[in-house]
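Q: Below is one structure. I have some questions about it.
The values are calculated or read from the model by the stated rules, or taken from the named source; none is laboratory data. Since this is a predicted model, take the numbers as computed values, not measurements. Positions of Cβ are generated from backbone atoms using ideal geometry, with glycine treated the same way; all protein chains shown enter the neighbour counts. To get the accessible areas, we keep the full protein, side chains included, count just its heavy atoms, and leave off ligands, DNA and RNA. Shrake-Rupley method; radii C 1.70, N 1.55, O 1.52, S 1.80 Å.
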Amino acid sequence: MSAEISTMDNLNQIGTDYKYGFSDVENYIFKSGRGLTPEIVTKISNMKNEPQWMLEFRLKALALFYKKPMPTWGNTKLLNDIDFANIFYYIKPSEKQGTNWSDVPEGIKNTFDRLGIPEAERKFLAGVTAQYESEVVYHSIREDLEKLGVIFTDMDSGLREHEDLVRKYFATIIPANDNKFASLNSAVWSGGSFVYVPPGVKVDIPLQAYFRINAENMGQFERTLIIADEGSFVHYIEGCTAPVYSSDSLHSAVVELIALPGSHIRYTTIQNWSKNVYNLVTKRAYAYENAKVEWVDGNLGSKLTMKYPAIYLMGENARGEVLSIAFAGDDQHQDAGAKMVHVASNTSSIVVSKSISKNGGRTSYRGLVKVYEDAKNVKSSVKCDALLLDDISRSDTYPTMEINDQDVNIEHEATVSKVGEEQLFYLMSRGLTADEATAMIVNGFFEPFTKELPLEYAVELNRLIKLEMEGSVG
Amino acid sequence: MSNKNALLIINDLHAKIGDKTILKGVSLEINPGSVHALMGRNGSGKSTLSYTIMGHPKYEVSQGDIKFEGNSLLNLSPDERAKLGIALSFQYPVAIPGVTVLNFLKTSLKAVLKRDIPIKELRPMLKAKMQELEIKDEFLSRYVNDGFSGGEKKKLEILHLSLLKPKLAILDETDSGLDIDALKVVANGITSLNKEGTAILLITHYQRILNYVTPQFVHIFESGEITNTGNHELAFKLEEFGYEYFAKANPVASTNSTKEVNYVS
């Protein structure tokens, strides 16, 4: 209860702009030229001193990227506007990675200070990685977790220090030929997180990664792999922001989760890219027997997001949940959703998707529920609610069901509503301005999502919503 | 002549929704701390009057004026009117899913009183009022009017108003949908609100609630106009003779003239 109170306190103390839109002067160790060639891919791999198999993987992926067509769905117009030749594919911001903030170059440290990362780390996180452009510039993990054998590091260090584990799982969930952007990521990936939680270990407070793009026309391609061993638990949170530029940047991540039997992974994203960032991300999890995977996915920023977190329910009694919100303002299209693939019997999935569009923004829910032929006693529930704040915004739902067995229980429900005049009048008659009233209605609409966030993130999310609502009425 | 001390002065008010005129020349004065009952049939325009006083954007004032403490309300938004000390208890309170009652009350109080009441201070205030209204503690963490019974909705309205302590409370059919026990509790809430100095405009079509909340003035409302004004007696006569009898201004039925009302108040 006090949580909500402080949320509202925060809501009332806010400025009016995207406050993460600032940028730093570039002072980099290495910046690739624009465009993508096999030479750049080789250079990235060499600079990282990677094993030969990874270089070969990258070059094969690059060939796939050249060959694969653009998706013919989502927002094809915006997709085809991407100028791959204009992007910087690799930027190394500093020589070494800090494990202490004082080891991080001053300018970059200041940026993360402004983003509140060190403060959050002190208060409520078990570990942090901070990625700036292509590389993780800072990482830390609580000592006691390290002693228990928990690995939380950047993906590059993961490859160097735990090559066997990486080689065993890397690209097994999302192969390089999965889609054009997975191919691209596989070719030029850099940074991201590598997490391994040993059997039975419960990481009681969250691990966080923060991704920051600074340069104009930057391409950020982090790669994350999380392995929860049997009976373990981990909650991983990622946040992302970028400066406001007049031309576009590209963020294209690949995230693979492996939830071994009886484990539980929760993966929370608060995506708040500036409106010049394309966010084209492939996220997929395998949940083995009795395992549970949750994607808690918040999409507030970016120009175009196309992201459909997937869970393959591989073993009996595996459970999958996707809880997502999307917010689209002017010049934004959030094409987001979820995929649930019931491979085994007695599996269940829940999708709750909530979206808000305003000022001509567009949200789409795109989802798949697939049940394999021999999967018995499968339960799936999909609920999509869209809220439109005006007459010029748009929301669409594209659900797909592929059910190959009779013994299933599938529910699908979709609603589209508008913020009602009566709701606004009711709140205004109790003293709230039109903007405050709208923010309250919107916060309430997102509440099923917000309540799943750690308090600090819930506060931040409500604050962002409040910001977005200013001037949205009247 | 208008009474200079009046809290609310409505003068020849005409209001319409779209092309349809609903209020056709309403005049009414309410003094600080007084209790007025406005009685009328369904569809007579009672709710329109309450919405128009509160500033609902759907209703357009085409003639006349509403003055609160001497200043016209017509160009003010609903929240500005609330901040002046006017509150409306809704006939059909609106659900706000995902927003807790506590959050709603605290945000509203902060907006109206222009002071953020710390939770430590708010809690005991709430507790006392909630006991009076027979509201359970868990009520505060429920979503505003979401899945509430009729009685719970009306209790929340009165709880909210009793925290806001407005100068004028308009109660739009607060008695509708209440069983007799809930009615008594809500009526007591209204009476204590009045004792703390809030003037009441009680809109109803039954005499019933007036057994518990004693009005100084009763107005009969018909087809967008006040047709009769009197004291509490008028409500009893209405009960006896029915609205049809009062459909047209009836000098015999009226116990007081408007002029005398002003004088008395």
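Q: Only one of (1) open to solvent by 10 Å² or more (accessible area, probe 1.4 Å); (2) away from chain A (no Cβ under 12 Å) is not met by B:Asp175, so which one is it?
A: The number of the failed condition is (1).
Q: I'd like the full set of residues that are open to solvent by 40 Å² or more (accessible area, probe 1.4 Å) and either modelled with pLDDT of 90 or more or over 25 Å from A:Gly367 (Cα atoms) (or both), limited to region A:415-434.
A: Those that are open to solvent by 40 Å² or more (accessible area, probe 1.4 Å) and either modelled with pLDDT of 90 or more or over 25 Å from A:Gly367 (Cα atoms) (or both): A:Glu421, A:Glu422, A:Thr433.
Q: Something else: When you scan region A:106-118, do you find a residue that is touching a residue at least 12 places away in the same chain (Cβ under 8 Å), under 30 Å from A:Leu464 (Cβ atoms), touching a Pro at 6+ places or on another chain (Cβ under 9 Å) and among the aliphatic types (A, V, I, L, M), even just one?
A: yes
Q: Under 21 Å from A:Val419 (Cβ atoms) and touching a Phe, Trp or Tyr at 6+ places or on another chain (Cβ under 9 Å): which single residue out of B:Val35, B:Val26, B:Val101 fits that description?
A: Among B:Val35, B:Val26, B:Val101, only B:Val101 is under 21 Å from A:Val419 (Cβ atoms) and touching a Phe, Trp or Tyr at 6+ places or on another chain (Cβ under 9 Å).
Okay, residues lined up against (1) open to solvent by 60 Å² or more (accessible area, probe 1.4 Å); (2) charged (D, E, K, R); (3) in contact with a Pro (Cβ under 6 Å, 6 or more places away or on another chain); (4) more than 23 Å from B:His36 (Cβ to Cβ):
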{"site": "B:Pro93", "(1), (2), (3), (4)": "no, no, no, no"}
{"site": "B:Val112", "(1), (2), (3), (4)": "no, no, no, no"}
{"site": "B:Asp137", "(1), (2), (3), (4)": "yes, yes, no, yes"}
{"site": "B:Val144", "(1), (2), (3), (4)": "no, no, no, yes"}
{"site": "B:Glu152", "(1), (2), (3), (4)": "no, yes, no, yes"}
{"site": "B:Leu159", "(1), (2), (3), (4)": "no, no, no, no"}
{"site": "B:Leu163", "(1), (2), (3), (4)": "no, no, no, no"}
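Q: For region A:462-469, check the following and say yes or no: at least one residue is of a type in the set (A, V, I, L, M), within 23 Å of A:Tyr267 (Cα to Cα), outside any loop (DSSP other than H, G, I, E, B) and more than 10 Å from chain B (Cβ to nearest Cβ).
A: Scanning region A:462-469 turns up at least one residue that is of a type in the set (A, V, I, L, M), within 23 Å of A:Tyr267 (Cα to Cα), outside any loop (DSSP other than H, G, I, E, B) and more than 10 Å from chain B (Cβ to nearest Cβ).
Q: Quick check on B:Asp12: is it of a type outside the set (Phe, Trp, Tyr) and open to solvent by 40 Å² or more (accessible area, probe 1.4 Å)?
A: yes
Rundown of residues vs (1) open to solvent by less than 60 Å² (accessible area, probe 1.4 Å); (2) at the interface with chain A (Cβ under 10 Å from one of its Cβ atoms); (3) in contact (Cβ under 8 Å) with a residue 40 or more places away in the chain; (4) assigned to a helix (DSSP H, G or I), yes/no style:
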residue: B:Gly98; (1), (2), (3), (4): yes, yes, yes, no
residue: B:Lys106; (1), (2), (3), (4): yes, yes, no, yes
residue: B:Leu109; (1), (2), (3), (4): yes, yes, yes, yes
residue: B:Lys127; (1), (2), (3), (4): no, no, no, yes
residue: B:Met130; (1), (2), (3), (4): yes, no, no, yes
residue: B:Glu134; (1), (2), (3), (4): no, no, yes, no
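Q: Restricting to region A:404-414, and then to whatever is part of a strand (DSSP E or B) and loosely packed, with under 14 Cβ neighbours inside 10 Å, can you tell me which residue is farthest from the other protein chains (Cβ to nearest Cβ)?
A: Ranking the candidates gives A:Asn409 first.
Q: Take B:Leu102 and tell me if it is among the aliphatic types (A, V, I, L, M) and surrounded by fewer than 22 Cβ atoms within 10 Å (Cβ to Cβ).
A: So B:Leu102 does not fit the description; no.
Q: Please find, among A:Thr241, A:Thr269, A:Thr305, the residue that is open to solvent by less than 10 Å² (accessible area, probe 1.4 Å), out of contact with any Pro (no Cβ under 9 Å at 6 or more places or on another chain) and without any contact (Cβ under 8 Å) to a residue 60 or more places away in the chain.
A: Testing whether each residue is open to solvent by less than 10 Å² (accessible area, probe 1.4 Å), out of contact with any Pro (no Cβ under 9 Å at 6 or more places or on another chain) and without any contact (Cβ under 8 Å) to a residue 60 or more places away in the chain leaves just A:Thr305.
Q: If a residue must be assigned to a loop (DSSP other than H, G, I, E, B) and in contact (Cβ under 8 Å) with a residue 60 or more places away in the chain, how many such residues does region A:225-238 contain?
A: 0
Q: Which members of region B:72-87 meet the condition of being farther than 28 Å from A:Asn462 by Cα and either facing chain A (nearest Cβ under 7 Å) or crowded, with 24+ Cβ neighbours inside 10 Å (or both)?
A: B:Ile86
Q: Kindly evaluate B:Gly45 against the criterion of being more than 10 Å from every other protein chain (Cβ to nearest Cβ), out of contact with any His (no Cβ under 8 Å at 6 or more places or on another chain), modelled with pLDDT under 95 and closer than 23 Å to B:Gly177 by Cα.
A: Answer is yes for this residue.
Q: Within region B:51-71, which residues are facing another protein chain (nearest Cβ under 10 Å) and of a type in the set (Gly, Ala, Ser)?
A: Matches in region B:51-71: B:Gly55 only.
Q: Okay, next question. Does B:Asp175 satisfy the criteria of being in contact with a helix residue (DSSP H, G or I) (Cβ under 6 Å, 6 or more places away or on another chain) and of a type in the set (D, E, K, R)?
A: Yes: the conditions hold for B:Asp175.
Q: Yes or no: A:Lys451 open to solvent by 50 Å² or more (accessible area, probe 1.4 Å) and more than 11 Å from chain B (Cβ to nearest Cβ)?
A: no
Q: Which of the residues belonging to region B:114-125 are within 11 Å of chain A (Cβ to nearest Cβ) and open to solvent by 50 Å² or more (accessible area, probe 1.4 Å)?
A: B:Lys114, B:Asp116, B:Pro118, B:Ile119, B:Lys120, B:Arg123
Q: Any idea which residue in region A:315-373 is nearest to the chain's Cα centre (by Cα), counting only those that are among the acidic types (Asp, Glu) and surrounded by fewer than 24 Cβ atoms within 10 Å (Cβ to Cβ)?
A: In this case the residue turns out to be A:Glu321.
Q: So for region A:125-142 (the condition being part of a helix (DSSP H, G or I) and open to solvent by 10 Å² or more (accessible area, probe 1.4 Å)), does at least one residue qualify?
A: Checking region A:125-142: not a single residue is part of a helix (DSSP H, G or I) and open to solvent by 10 Å² or more (accessible area, probe 1.4 Å).
Q: Another question about this same structure. Restricting attention to region A:210-224, does a residue exist that is of a type in the set (Val, Ile, Thr), over 17 Å from the mean Cα position of the chain (by Cα) and outside any strand (DSSP E or B)?
A: No, the conditions are met nowhere in region A:210-224.
Q: Could you list, in sequence order, the residues of region B:10-42 that are in a loop (DSSP other than H, G, I, E, B) and either among the hydroxyl-bearing types (Ser, Thr, Tyr) or within 14 Å of B:Ile226 (Cα to Cα) (or both)?
A: B:Ser34, B:Arg41
Q: Filter region B:180-195 for residues that are in contact (Cβ under 8 Å) with a residue 12 or more places away in the chain and out of contact with any helix residue (DSSP H, G or I) (no Cβ under 8 Å at 6 or more places or on another chain); which is most open to solvent (accessible area, probe 1.4 Å)?
A: Across region B:180-195, the extreme among qualifying residues is B:Lys184.
Q: On the basis of being open to solvent by 60 Å² or more (accessible area, probe 1.4 Å) and of a type outside the set (Lys, Arg), does A:Glu39 make the cut?
A: yes
Q: Let me ask something else about it. For region A:393-403, does any single residue satisfy the condition of being in contact (Cβ under 8 Å) with a residue 60 or more places away in the chain, away from chain B (no Cβ under 14 Å) and under 25 Å from the mean Cα position of the chain (by Cα)?
A: Yes: region A:393-403 contains one or more residues that are in contact (Cβ under 8 Å) with a residue 60 or more places away in the chain, away from chain B (no Cβ under 14 Å) and under 25 Å from the mean Cα position of the chain (by Cα).
Q: With closer than 26 Å to A:Tyr308 by Cβ and either in contact (Cβ under 8 Å) with a residue 60 or more places away in the chain or surrounded by 23 or more Cβ atoms within 10 Å (Cβ to Cβ) (or both) as the only criterion, which of A:Ala215, A:Ala187 stands out?
A: Going through A:Ala215, A:Ala187 in turn, the sole match is A:Ala187.
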